[in-house]
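Here is the structure we will look at.
Just so it is clear, none of the values below were taken in a lab; they were calculated from the coordinates. Please read all numbers here as calculations on a predicted model, not as lab measurements. Note that each Cβ is placed from the backbone with ideal geometry, even for glycine, and that neighbours are counted across all protein chains shown.
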Amino acid sequence: MGQTMVNLFSLSLSLSLSLSLSLSLFSAQAFKIEISPEYKTIAQIGDSMALTCSTTGCESPLFSWRTQIDSPLNAKVRTEGSKSVLTMEPVSFENEHSYLCTATCGSGKLERSIHVDIYSFPKDPEIQFSGPLEVGKPVTVKCLAPDIYPVYRLEIDLFKGDQLMNRQEFSSEEMTKSLETKSLEVTFTPVIEDIGKALVCRAKLHIDQIDSTLKERETVKELQVYISPRNTTISVH
């Protein structure tokens, strides 16, 4: 009888420990964390961006956000249930960081990080002339791209019709956290054949993460070329 009781007690203890271990393993496996967008994202200065940190397997997780260099967040945090949202509005230079989301559930602690890159390419380029366009008279045209960041990713092309007049890349420019305006200048002498041709100023920002429709802007102007009167003779009758 005594041996039977000992065996039953051992079996009960074994089942209890096994059940407790199984529940602990299930709990640990069920508690997961995700961050959206994943790993890396990009936003334009002045826009708004939201990073979302969410968990599964925990009813009331505790969330916290910080930058990996422990600088101010420069963002607002809203947490509800198993989701925490970090909103940057508007996005600025201070948001170019790696952000770390930490979720705690009881003794469990999980973290996910995401890097935020920023850029500025808000306007179409501008075309400026040094003076009126007259046949036979040199004129300087400026193709100007305003408020660019990062400027070392910029390329400016200037076309007259299908002819590439000039191209400049700014890849050698020093990296600075500021909005910069860059330009390309070309001096040419209008000819009669230029009348009605399209002058195209095209700016490109070479950043792979940006949608193709957003990384290129252009401005087109039709050339209005004047012909100055020559050898004018005044006849008096």
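Side notes on the structure shown:
- ³J(HN,Hα) computed for each position of segment 181-190 - Karplus, 6.51 cos²θ - 1.76 cosθ + 1.60, integer Hz, glycine/proline x: 10, 10, 9, 10, 10, 9, 9, 9, 10, x
- Here is the list for segment 106-174: GluC sites (Glu not before Pro) lying in DSSP coil, each with at most 16 other C-beta atoms within 10 angstrom of its C-beta, are GLU173, GLU174.
- Pairs with C-alpha atoms separated by more than 18 Å, drawn from the list LYS197/LYS221; LYS40/LYS123; LYS142/LYS204, are LYS40/LYS123.
- Subtracting the Cα-Cα distance of SER172 and LYS221 from 0.36 nm times their residue separation leaves 14.7 nm of extension gain.
- Net charge of Cβ neighbours under 10 Å - reference ILE33; Lys, Arg +1; Asp, Glu -1: +1
- Over all other residues within a Cβ to Cβ distance under 11 Å of ALA103, the charged ones net out to +2, with Lys and Arg as +1 and Asp and Glu as -1.
- Förster radius 25 Å - calculated FRET efficiency between ASP208 and GLU126, Cβ distance, rounded to 0.05: 0.45
- The gain in end-to-end length when the ILE69 to VAL186 segment is fully stretched comes to 37.6 nm, 0.36 nm per residue minus the alpha carbon separation.
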